[in-house]
1. Given (1) surrounded by 18 or more Cβ atoms within 10 Å (Cβ to Cβ); (2) touching a Ser or Thr at 6+ places or on another chain (Cβ under 9 Å), identify the lone condition not met by Arg19.
2. Being of a type outside the set (D, E, K, R) and under 21 Å from Gly100 (Cα atoms) is the filter here; which residues of the stretch 241-252 pass it?
3. Could you list, in sequence order, all residues of the stretch 44-57 that are in contact with a helix residue (DSSP H, G or I) (Cβ under 7 Å, 6 or more places away or on another chain) and either within 18 Å of Met18 (Cα to Cα) or surrounded by 15 or more Cβ atoms within 10 Å (Cβ to Cβ) (or both)?
4. Pro88 passes all but one of (1) at pLDDT below 90; (2) farther than 22 Å from Met1 by Cα; which number fails?
5. Out of the residues in the stretch 249-264 meeting the condition of being of a type outside the set (Ser, Thr, Tyr) and outside any loop (DSSP other than H, G, I, E, B), tell me which one is nearest to the chain's Cα centre (by Cα).
6. Would you be able to tell me the number of residues in the stretch 244-260 that are farther than 18 Å from Asp183 by Cα, in contact (Cβ under 8 Å) with a residue 40 or more places away in the chain and of a type outside the set (Ser, Thr, Tyr)?
7. What is the residue count in the stretch 257-275 for residues that are at pLDDT 90 or above and either within 16 Å of Leu142 (Cα to Cα) or among the hydrophobic types (A, V, I, L, M, F, W, C) (or both)?
Amino acid sequence: MDTRRLRLLLALSRLGSMRAVADSHHLTTSTVSQQIAALAKETGVQLIEPEGRRVRLTPAGRRLADHAVDILAAVDAARLDLDPDAEPAGTLRVGGFATGIRNSLLPILAELADRHPGIDVVISEYEPIEAFALLADDDLDLALTYDYNLAPASPGPVLTPVAMWSTAWGLGVPADDPHGAADLPARAGATWIVNSRNTADEDAVRTLGALAGFTPRIAHQIDSLDLVEDLIAAGYGIGLLPMDRPTRAGVTVLPLTDPPVVLTAYAVTRAGRATWSPLRAVLDRLTPTDRVPPRTSWPRP
């Protein structure tokens, strides 16, 4: 099979239209259509089918597109092995939680663009559960996710996580709260705030409550840490917040030590995909070589 045609099929699976593939590869729509038709003839199966005024991949086309990722990654690996100076190129789809994108990805993009201008990074915001599903379906190349030591993630056997950094979380309470963090049983009647798009916060809160002998009353589900702080300051509940993130007036974050609550951020890929040169170039900058470093600061947006 012609790898150039495989690249066009893969691009069609990701971009969704012949026009978009043509524009991204500086070709005519007719040329893209002819190359996909030639690939169908090579494989002996129908790869696309009409969908209104557009086309979509057939089940066979989707399977071949999935194989194309592995095939093209192997070709890239061989090319780099024979020519270490070959330039990584391609569109890298990254999805992840806002803090992971802000703290880990954004700081490396300028240097990455300078050193590897052929890599085009496309960024979307997702919580871990969303990102795992998209990654497993090959709708993302790289996911930036997190879990807590009290609520470990289970990304599945087809995904490979590598830890990037970790940071302690504490109990966010109003500034005039009369209890200490160690007095968790006193929180038995409190209203709790958890994440609206991921279950890890709620799992960690329920574990803390179980260890303290009560079932937390969870009333609010909020995605934004800023909004969580606003609710806490207004007296509408308490919740987990990072220890090293500056908080707004009226909110105090109490350290949790028995047990501690630690968030770890991960770079996650599909198993076997990390050798693809654009992905490898980003992973090498995201992940430490020897240990999981703690975060020393948490910049606010």
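The values are calculated or read from the model by the stated rules, or taken from the named source; none is laboratory data. Only a predicted model underlies this, so the values are computations on that prediction, with no experimental measurement involved. Don't worry about glycine lacking a Cβ; one is built from the backbone with ideal geometry, like all the others, and counts go over all protein chains shown.
1. Here Arg19 meets the rest and fails (1).
2. Matches in the stretch 241-252: Leu241, Pro242, Met243, Pro246, Thr247.
3. The answer is Gln46, Leu47, Ile48, Val55, Leu57.
4. The one condition Pro88 does not meet is (2).
5. By that ranking, first place goes to Leu263.
6. Residues that pass the stated criteria total 5.
7. 8
To keep it simple, each residue is scored yes or no on (1) of a type in the set (Asp, Glu); (2) over 30 Å from Ser196 (Cα atoms); (3) loosely packed, with under 15 Cβ neighbours inside 10 Å.
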{"position": "Leu27", "(1), (2), (3)": "no, yes, no"}
{"position": "Pro59", "(1), (2), (3)": "no, yes, yes"}
{"position": "Leu64", "(1), (2), (3)": "no, yes, no"}
{"position": "Ser104", "(1), (2), (3)": "no, no, no"}
